[in-house]
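The structure appears below as structure tokens.
Read-outs throughout are calculated quantities, based only on the coordinates presented, and are distinct from any laboratory measurement. Values in this document were obtained by computation on a predicted structure and should not be read as measured data. Note that we place each Cβ from the backbone using ideal geometry, even for glycine, and neighbour counts take in every protein chain shown.
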């Protein structure tokens, strides 16, 4: 049973999805703590329902993208990554299709209580995931930029008029930085060339401009940062952000060979998800929501610890014989 649970968690990228849950919970808590005249989607929803529904959105769409990715790459994985759940026979392909459908439905059901533009944004997110898995992931710059776009869209589902653009921008940059470091370490093909780096940098600037302009258009009275934050308070999430960037910089420069590259890349993705959760907690603490920030960090830590414990307790099947 533990093996089946771990195989499903690997297929759905459950440990990485916790970072997406932290980001969307950050939007829910900030929208309720600092309501604006333009924000009405979260007002009639109880906090518990809002947190459960937003978690369903984050986990549902993230898991849908992960399962769909493995279904699209099943032939490739049989040759290059036979230890993945579908090629290894741990999860049949037909079961993976049912799991992807259930995850997609979970995401839409979670978006429904928020009303307004939540369902159209959820549909846009589903289309963006399809584009990512079908085509964009084979182009390095498009793959990494769209990965950040997916994070930004999911964050706006609970509140399409979320005014604090800097919060969304930071989360998007964290997603792109984590995906880039993992891409470099794993040595995926095609390699991230100098031309791709320039295109990625230009794409990031365009994404930031779109986020800022969307917040400006959808809000009459725009506040770029939540509450009455000064430089001292803003330094808390900013410090966590730059510490994470420093770690990813040195992690991307580490020398790895063979199977160690894939394991190292997976480790970077998990730690990047934890980085996003810590940054979300830092935002809440900085605006004075100390209890909410502490609880968010505790929930994320418990989730990541549980996944690590499950991996250590579950015997993984041996891979195919290899030459040494």
For the Cα atoms of the chain, what angle does the longest principal axis make with the long axis of helix 118-134, in degrees from 0 to 90, nearest 10?
30
Sorted from largest down, give the three principal axis spans of the alpha carbons of the stretch 93-170, whole angstrom values.
41, 33, 16
Using only Cα positions of the chain, each an equal point scatterer, no hydration layer, compute I(q)/I(0) via Debye at q = 0.15 Å⁻¹ and quote the log10 values to two decimals.
-1.31
What angle do you read, to the nearest 10 degrees and between 0 and 90, between the alpha-carbon axis of helix 165-186 and the longest principal axis of the chain?
10
Calculate, for residue 3 and residue 224, the FRET efficiency according to 1/(1 + (r/R0)^6) with r their C-beta to C-beta distance and R0 41 Å; round to the nearest 0.05.
0.30
Mind pulling the angle between the C-alpha long axis of helix 140-156 and the longest principal axis of the chain? Nearest 10 degrees, somewhere in 0 to 90.
40
Packing rank of 199-206, 134-141, 75-82, where each peptide gets the mean count of other beta carbons within 10 Å, highest leading
134-141, 199-206, 75-82
I need 248, 26, 173, 49 ordered by Cβ neighbour count within 10 Å, fewest first.
49, 173, 248, 26
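Is it possible to state the helix-based mean residue ellipticity at 222 nm for the chain, with each DSSP H run of 4+ residues giving -39500 (n - 2.57), the sum divided by total residues, to the nearest 500 deg cm²/dmol? What is it? Walk me through the intermediate numbers first.
Values: 12 runs with 238 residues, N = 324.
-25500 deg cm²/dmol, from helical runs alone.
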If we count other beta carbons within 10 Å of each Cβ, what is the order of 253, 189, 197, 270, fewest first?
189, 253, 197, 270
Counting other C-beta atoms within 10 Å, which of 83, 233 has the fewest, and how do the rest follow?
83, 233
